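Everything on this sheet refers to the single structure shown next.
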Amino acid sequence: MKISEAMTAAINEQIKAEYDSAYIYLAMSAYLKDAGLDGMSHWMRKQHKEEIEHAEKFIDYLYERGARVIIPEIAKPKENYADAIEAFRTAYAHEQYVTSRIYKLVDLAVEEKDYATQSMLKWFVDEQMEEEDNTGGIVAKLEFLGSDKHGIYTVDRELASR
Ligand code: FEO
């Protein structure tokens, strides 16, 4: 069964969203590096790479379905944050936004009875649960620590091992 034009367009928009996410995290990585938080910067850099892998999963899926991939323009990301907590809170909120986008894709796939796309999206539904858990967990830790510099240093070292 041929993939629909609406589904192809929606997945192309998601490819853009994944590259935008990659850039947002790369900019967060640069901000955190500049703030002397090398472990957090490393964590964000890894996140950046994961987002590119997500975009490529969607690209490969469209190739598999014989659909046209449109390489998107990437939006310029925010450069500065008040502190590490603000950066991770933004990342957490962004992941919740991405989850809502993935759910809309699932809705469309269900509506179109596109079972192949529903099956492919299952991986992303699970991945989003993990991404929200990871970013939300770091926010909770940083909020608990507040301005405790020793604690922040410990979290920074922990995140260096990702
Ligand atoms: Fe590709 Fe972080 O969602």
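No lab work stands behind these numbers, since they all come straight from the coordinates. All values derive from a computational prediction rather than experimental measurement. Methodologically, a virtual Cβ is constructed for each residue, glycine included, from the backbone with ideal geometry; neighbour enumeration extends over all protein chains shown.
I'd like the trypsin sites (Lys or Arg not before Pro) in the range 1-96 restricted to DSSP loop residues with at most 15 other Cβ atoms within 10 Å, sorted by number. Before the final figure, lay out each step's value.
Working: sites: K2, K16, K33, R45, K46, K49, K57, R65, R68, K78, R89; in loops: K2, R65, R68, K78.
Listed in order of number, the matching sites are K2, R68, K78.
Given a 10 angstrom Cα cut-off, can you work out which residue in A67, A22, A116 is the most mobile in a GNM of the chain?
Maximum fluctuation in the GNM of the chain, among the listed residues, is at A116.
Cross-link partners among lysines for K33, C-alpha distance below 30 Å, same-chain residues fewer than 8 apart left out?
K16, K46, K49, K57, K76, K78, K141, K149
Which one, V139, S21, A75, is farthest towards the positive end of the dipole of the chain when Lys and Arg carry +1 and Asp and Glu -1 on their Cβ?
A75
Rounding to the nearest 20 debye, state how big the charge dipole of the range 36-162 is about its Cα centre with +1 on each Lys and Arg Cβ and -1 on each Asp and Glu Cβ. Please report the intermediate quantities before stating the final value.
Numbers: 17 positive and 26 negative charges, 45 e Å.
Charge dipole, the range 36-162, about its Cα centre: 220 debye, nearest 20.
For the pair K33 and K104, how long in nm is the line joining their label points, each one 7 Å along Cα→Cβ?
3.3 nm
Hey, what did the chain get for relative contact order, percent, Cα under 8 Å, at least 6 apart?
Working: 159 pairs, mean separation 48.8, N = 162.
Computed value for the chain: 30 percent relative contact order.
For the range 45-131, what Kirkwood radius comes out of the mean inverse Cα-Cα distance, in Å?
Numbers: mean 1/r = 0.0678 Å⁻¹.
Its Kirkwood hydrodynamic radius stands at 14.8 Å.
Listing E143, E73, E132, E18 from the residue with the fewest other Cβ atoms within 10 Å to the one with the most, what is the order?
On the way: E143 11, E73 8, E132 15, E18 22.
Least crowded to most crowded, the residues run E73, E143, E132, E18.
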